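The values are calculated or read from the model by the stated rules, or taken from the named source; none is laboratory data. Values in this document were obtained by computation on a predicted structure and should not be read as measured data. No Cβ is skipped: glycine too gets one built from the backbone with ideal geometry, and neighbour counts run over all protein chains shown.
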Amino acid sequence: MKDDSASLIDTPVLCAGTVVVYFDPEPTNGSSFGRAMAVGPEIIDPRTHDWWAPIRRADGTLDLLPSILVVGIA
């Protein structure tokens, strides 16, 4: 059986240095939105087609940000 579902992102849009604005459901600095720098292309789950953004936060920590929290890409 062929899986006809498609990812929201069919071609990579992130590259190292891309700014990602995201919703922070548990803000530690009082702001509900954060900015981070992508450290590479998004990672797409081939089974679910969900994608994750590998990011470096302002404090230097690395994280995988689920696409549902991404508000904008600049």
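Among residues of the stretch 41-58 that are in contact (Cβ under 8 Å) with a residue 24 or more places away in the chain, those with a beta-carbon under 6 Å from a residue that is acidic (Asp, Glu) at least six positions away or on a different chain give the pairs Trp51/Glu42; Ala53/Glu42; Ile55/Asp63. Are any residues in the stretch 59-74 polar (S, T, N, Q) and touching a residue at least 24 places away in the same chain (Cβ under 8 Å), and if so, which ones? Result: Ser67, single match.
The set of residues in the stretch 1-60 that are modelled with pLDDT under 95, surrounded by 12 or more Cβ atoms within 10 Å (Cβ to Cβ), in contact with a Gly (Cβ under 9 Å, 6 or more places away or on another chain) and in a loop (DSSP other than H, G, I, E, B) comprises Leu14, Asp24, Arg57.
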